1. Using a 1.4 angstrom probe on the protein heavy atoms only, could you order 304, 128, 31 from most to least accessible area?
2. Quick query: amide H of residue 248 versus all other amide H atoms, modeled in the peptide plane; which residues come in under 5 Å with a sequence gap of 5 or more or a different chain?
3. Return the whole-Å distance between the Cα centroid of region 45-117 and the Cα centroid of region 205-236.
4. Describe numerically, in nm with one decimal, the distance between label points set 7 Å from Cα along Cα→Cβ at residue 393 and at residue 374.
5. Report the accessible area of residue 320, computed with a 1.4 Å probe over the heavy atoms of all protein chains in place, in Å² rounded to the nearest 10.
6. Against the longest alpha carbon principal axis of the chain, how many degrees, from 0 to 90 and to the nearest 10, is the axis of helix 176-189 turned?
7. Loop-only check: which GluC sites (Glu not before Pro) in region 234-320 are DSSP coil with at most 14 other Cβ within 10 angstrom?
8. Compute the angle between helix 339-352 and the longest alpha-carbon principal axis of the chain, please, reported from 0 to 90 degrees and rounded to the nearest 10.
Amino acid sequence: AADFYARSLRAACLNCAVMALIDAGDNEGAKEILRQLVRTRLGTGVSERLAARLGLRYEDLEPAEIVDITIRRRPQCQSRFEDFHYKEAGVLETVVASSTPGDAQSVHAAIENVGLKEVWLKVAGGEKACVLDNVIATFRPKLILEFGTYVGYTSTRMAMQLASWGGRVVTMEMDPVNATIARNHIELCGLSHVVTVQLGHSDDAVQIVLDRFGPESVDMVFMDQRGTAFHEDLQRLEQLGLLAEPAVVVADNVLKPGAPYHVWRISTMPHYRTDIIDLREFGSAPVEDWMTVSWVRRGETYGKAAEERRELTALARESDRFRLRAMATSMKDLVGDPLDEFAARFTAEFTRLGIRSSLYVRTTLINGGEDGAVSQLVRLAPGEAPPKWAGHDPRDDLTGGRWRSDLGGARFVGAE
């Protein structure tokens, strides 16, 4: 907290300290930090929920007599952490200011509004949420493992569905600032009992998940980290024996910035049944992307490396370059050349290899967007290309919280 100038981030760090103390059973220590929050007037709706978990009313807490020196310290300007996380810090401020504590849908609406109206965010909303919603409704997983928490949008959206049948989400994040923001959003949603944020690199975090939940415990995986690592991370999950039988694996940003090795693996190895879904980036409809949905079952090739293809190496290198550029700016700033040229080469190379999209997401504005929008999965005929973008961006007509998914449309091949 002492490293941040912004009050929202200072409060978020202290709220995380309260969460850790509650989890450790140190309720008196948690109460003392809450009193520090009262004294410094840093408390938020998250702080109020944490006080309620202790059986207290935040407004009835006595201010701390002395402010801890680490809380009293404050930089004179924004730190480099804040400069790098300006978008995520802005999301946190918007969520805390405009959402209702305990109402996950209001938290999602606030995040979506930032992504639709202010700045591009790497969240799986809109058409991408339609894919996830349909997978979860079809498969009904009990434990989801997510690679890449970011601000907690997708983990809490998935958790809303899993909570109804007692499921859980474990989400891994190596950036401590993102993890701090996500934990505050999760608490504000009222879903801390469903979602666990595991801080650390996935190489270490996956082993922790295995030790905690045991072999064959993960029913579903959502991959939203660096695309050129998808195939290695998935192979490791198989080798560790962490995946249930069967399991379903969903991967995002497979076309842009791209995950060529992953597409090759899940499309050519016989223990996968895969759909490639053509859709539009949330908050930037001109950007075409792919998601993949793969049912995974044990077999002779399970846990083994895929056949190497030299032509995929150049695509993977270029994919990493575009990912770094997107992180520095935003995906929508890369619309047009050369990103479209790269995506065209990516698509053409896999078409040459006999791999193409099998589903697409169709979005319909209701009443011109006044009553929101609905997205649904549509099966493509063999050899059929997905429709081209018609030139209208739903973000022009929509606000957060008004984009819903149609469930039960086209079936996934792995579910048949």
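1. From most exposed to least exposed: 304, 31, 128.
2. When sequence neighbours closer than 5 places are left aside, the close amide H contacts are 220, 221, 296.
3. Centre-to-centre distance over Cα atoms comes out at 30 Å.
4. 2.6 nm
5. 50 Å²
6. Computed tilt is about 80 degrees.
7. Taking region 234-320 and a limit of 14 other Cβ atoms within 10 Å, the loop GluC sites (Glu not before Pro) found are 300, 307, 308.
8. Once rounded, one gets 50 degrees.
The values are calculated or read from the model by the stated rules, or taken from the named source; none is laboratory data. Everything numeric in this text was worked out from a predicted model, so none of it was measured. Backbone-built Cβ (ideal geometry, glycine too); neighbour counts: all protein chains shown. Surface areas here come from the heavy atoms of the whole protein model, side chains and all, with no ligands, DNA or RNA. Shrake-Rupley method; radii C 1.70, N 1.55, O 1.52, S 1.80 Å.
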